[in-house]
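One structure below.
Laboratory data are not the source of any read-out in this text; all were calculated from the coordinates shown. These figures come from a predicted structure and were not determined experimentally. Here the Cβ positions follow ideal geometry from the backbone for every residue, glycine too, while neighbour counts run over all protein chains shown.
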Amino acid sequence: MAENSFPSGGPALNARRRDRELAALGDNPVVDLLVIGGGVTGAGVALDAAARGLRTVLVERHDLAYGTSRWSSKLVHGGLRYLASGKIGIAHESAVERGILLRRTAPHLVRPLPQLVPLLPGIGFSSRALIRAGFLAGDALRAGAGTPGALLPRSRRVTRAEALRLAPTVRQHGLRGGLQAWDGQLVDDARLVVAVARTAAAHGAAVLTRVSAEAVDGAGATLRDTLTGETLQVRATAVINATGVWADQVDPSIELRPSRGTHLVFDAAAFGGLTAALTVPVPGSVGRFIFALPAPHGRVYLGLTDEDAPGPVPDEPRPTATEIDFLLDTVNTVLRIPLTHTDIRGSYAGLRPLLRTAGDNTADISREHAVLTSPSGVVTVVGGKLTTYRKMAQDAVDAAVTRAGLTARPCRTADIPLAGAVGGAARDGLAAPQLLIERYGAEAPTVAALAAANPELADPVFPGADVLAAEFAWSLEQEGALDAGDLLDRRTRLGLVPADRAAAQAAAEAVVSAWSA
C-alpha cells in the first residue's frame, strides 16, 4: 500500500517515524525533558512540554494507553462525587477540565451524556432528596466552570415514559420517573491517549513505544528498544515519571496503594437500546453508584468497583468473581429481567494509582493528583484521574521546569485542539460515515477515502463488525500501532469482547503483514 495514501508530516505516528527518531536520539542523546509512561498523563506531559518549546522524548515500554488509561469507564466526570466529601477544589477542577475537553480540545471525542437515576420503590425520600441535591450542585459546578447549559443542560426530574425511553429495561412496577443530569462521555479512553500523543508529535515530541527506561535518575536513563534489544544512554535536563501504578518501580520513594475498578461488557440488546448512563445506587451505601453506559460497537459497559489491590502490579489486571457478582447483583435491583453471567460478553479491570495513606478504604483515598520530586531528582506525577490529565501534566511540567531551571513558554494546552478535533457545524458537514466521524473527527474523510481507494480495505474486519480494515491501516500509518494487539486492544476496542477479538484477528494480522511488506 502506498505511503502517499496518507497525508505527510503532522501528527503521524508509525514504525518509520519511530525508527527515525530513535536514530536521531542516538546521534544526539541530550534532551530537555524525558517522559516515562505512555498513558494519558505521560502523553499530556509530552504535549505540554513540546508546546512550550522543550526538546521532549516520551518512552513507553509497551504501547500507548497500555495500562490504566484504557480501563476506565470512558466518562469525563464533572467532579460531582467529590463535593460529597467536601473536596470543592478537585470538584471545580474536574468541571473546568471537562469543559475544556468538550468545547476546545476534544469535541470529536467527548460528548454530552444524560445520566438517569430511576425512581423505584427502593429509593426512599431521603435518598431521592440527596441525589437531587447532588445534581443541583453539579449544575452549579457546570456554571462555575463556564460550560454553557446549551451543551450540558440543567438537571431535572423526568417522567416515567421518559425514563423508560432512556433506559428501556428498567423495572416498570413502582417506577415514578427518574432524576436526570448530564456529564461527559469519551468515545474511547485509549483513542484520547492516541490523540494526545499524536498532537505531541505534531509539536515536535518524539513518541517512542516499545522502549523501556532503566537506571532512571534525574539526569536521564538507559533506554532499551524492546524490539531489538539495543540500548542507548539519554541525558535529560529533567525527567518526569508518569508511569501510573508502576510509578514506585521507577521511583522507590513513592508509596502507592492501587485500587481495582472492574467493568463488565454486554451487548447493547441486553439493555434494550440504552441511551443514558443508567445510574444505580449501591444498596446500603450513601452516595455510591454503579453505571451502565452505552458504548461503541453495540455494547454497554457496566461498572465499577473500588477494591484494594495489594501485591505485584500485573500488566493486565483481571476482575474477580466477587466483583462480577457485585455488579450483576446491584444492576439487577433496577432491571425488569435480571442479567446473568451468560449475558456477559467480556470484562476488564484497571488499577488506580492512589498514594498510600493511613485510611482503610481505597474509596476514601483522595483522587487529587500529586507532583513529587524524588531524592534522585525525578519528578513523579501520580494520582488524579483521566478527566484532569491536562492539569496534571501542566503541574508536572511546571515543577520540572522550575527544578531544572529550563527556559520554557507558559502552558498552552487548554487551547490546543487534539488531532482530529472538530465540532459544531464543521463536524456536521464532514463527508464521511457517522461511525468514522465519531472515531476520527476531522480525519474521518481521509479514512473513508483510504477505504474507497483500496478495495481490500473497504470491508469490515469480520462479518457484522462496524470496523473497516481501512481503520487498521490508518492506525498503523498514523496512530503508532505496531502489531495486531495494538489494533485489536487499543486503537479499536474489539478486544474487550474475546469472541470479537478472535473474529478480527486474521484481518488485523493481514493488514499488519501487508503494511510491513
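Annotations for the structure displayed:
- Interatomic Cα distance distribution for the range 228-268, bins of 10 angstrom, percent: 18, 29, 26, 18, 8, 0
- Environment charge at Val461 (Cβ cut-off 10 Å; Lys +1, Arg +1, Asp -1, Glu -1): -4
- Average Cα contact separation per residue, the range 146-211, under 8 Å, 6 or more apart, as relative contact order %: 30 percent
- Only alpha carbons enter this Debye calculation for the range 409-456, each as an equal point scatterer, and the log10 of I(q)/I(0) it gives at q = 0.14, 0.15, 0.28 Å⁻¹ is -0.42, -0.46, -1.00.
- Distance in nm between pseudo-label sites at Ala506 and Ser127 (7 Å out along the Cβ direction from Cα): 5.0 nm
- Two-decimal log10 I(q)/I(0) for the range 1-146, as the Debye equation yields it once each C-alpha is a single scatterer, q = 0.09, 0.10, 0.16, 0.21 Å⁻¹: -0.47, -0.56, -1.05, -1.40
- Cβ-derived FRET efficiency at R0 60 Å, Val30 paired with Ala431, nearest 0.05: 0.85
- Hull shadow area, averaged, the range 335-484 [alpha-carbon convex hull, nm²]: 16.3 nm²
- Hydrodynamic radius (Kirkwood) for the range 137-279, which is based on Cα pairs only, to one decimal in Å: 20.5 Å
- Cα-based values for the chain, radius of gyration first and Dmax second, are 22.5, 71 Å.
- Net charge of the neighbourhood of Ala432, taken over other residues with C-beta under 15 Å away and scored Lys/Arg +1, Asp/Glu -1, is -3.
- Mean separation of Cα pairs under 8 Å and 6 or more residues apart, divided by the residue count, gives the chain a relative contact order of 21 percent.
- For the range 424-516, the relative contact order comes to 20 percent (Cα pairs under 8 Å, sequence separation of at least 6).
- Taking a straight line from the alpha carbon of Lys74, these lysines sit under 21 Å away, with near neighbours fewer than eight places off in the same chain left out: Lys385, Lys391.
- Computed over the range 245-354, the Cα gyration tensor eigenvalues convert (square root of 5λ each) into semi-axes of 29, 15, 12 Å, ordered from largest to smallest.
- For the range 424-516, the alpha carbon positions stretch 38, 26, 24 Å along the principal axes, listed from largest to smallest.
- Binned Cα-Cα distance frequencies in the range 104-148 - 5 Å width, integer %: 5, 17, 18, 22, 15, 11, 8, 4, 1
- Positive minus negative residues near Phe266 (Lys, Arg vs Asp, Glu; Cβ under 9 Å): 0
- Under the simplified labelling scheme, the Thr333-Leu232 pair shows an inter-label distance of 5.6 nm, with each label point 7 Å from Cα along Cα→Cβ.
- Per-residue [θ]222 nm for the chain (sum of -39500 (n - 2.57) over DSSP H runs n ≥ 4, rounded to 500): -9500 deg cm²/dmol
- Highest mean first, the peptides 393-403, 129-139 sorted by other C-beta atoms within 10 Å per residue fall in the order 393-403, 129-139.
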